[in-house]
Amino acid sequence: MSDSKNMNLKVLWEKVQQGDLSSFEALYGEFFPGLCQYAFQLLNDRFLAEETIQDIFLQLWKTRYQIFSQGYSLKRYLYRITHNQCMDILKKSRTQKSRFIHLFPSDAWTYISERYGFDEYLIEKIETNETVTLIEQIVEQLPARCREIFRLSRDEEKTNAEIAQQLDLSESTVRVQLYRAIQKIQKELLSG
């Protein structure tokens, strides 16, 4: 990087430390693409890489008053933080997968991998499927009319007016029943 560009970045960073949002946006525009590319090389996931860099910049803005002594390279700092964040994500992912894999015998793991497809989101897919199953169980426990209204709304995507007309109810009754269903689901999910 040229000396003039280093000087411009230093001035830009000083303005950011003073709370200048437009300078922060300029800094973001300068470094975001390169940091995303670096994070992508480490994580092999473009969405996760971009999310990681956005989190880094959010943290940078929040702690801008406390960062850097004189003479420290902003670019080097951002790349080091990116590297550390990515390593933490990979370590956490490996640990989570390792704990999860040990829950099943190898033949069960083979079945799960084949059924759900083996990728970095396997655990999330299984947890999501478990949540959907749990919600279905909760919905089954709702009173008949409440369950019917909930399913018409969520499964068939009908409006409150359409449900009210189909079941010969007032829209207010439909709203109350949907509210009760959602409250029951939330309560059960949070307690489970």
Residues satisfying the stated conditions in the stretch 159-192, i.e. more than 10 Å from Ile149 (Cα to Cα), of a type in the set (Lys, Arg) and either touching a Cys at 6+ places or on another chain (Cβ under 7 Å) or surrounded by 14 or more Cβ atoms within 10 Å (Cβ to Cβ) (or both) = Arg180, Lys184
Any idea which residue in the stretch 28-64 is surrounded by the fewest Cβ atoms within 10 Å (Cβ to Cβ), counting only those that are outside any helix (DSSP H, G or I) and out of contact with any helix residue (DSSP H, G or I) (no Cβ under 6 Å at 6 or more places or on another chain)?
-> Thr63
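Quick note: the coordinates plus some simple rules give every number you see, no bench work behind them. Owing to the predicted nature of the structure, the values given are computational and were not obtained by experimental measurement. Cβ: placed from backbone, ideal geometry, glycine included. Neighbour counts: every protein chain shown.
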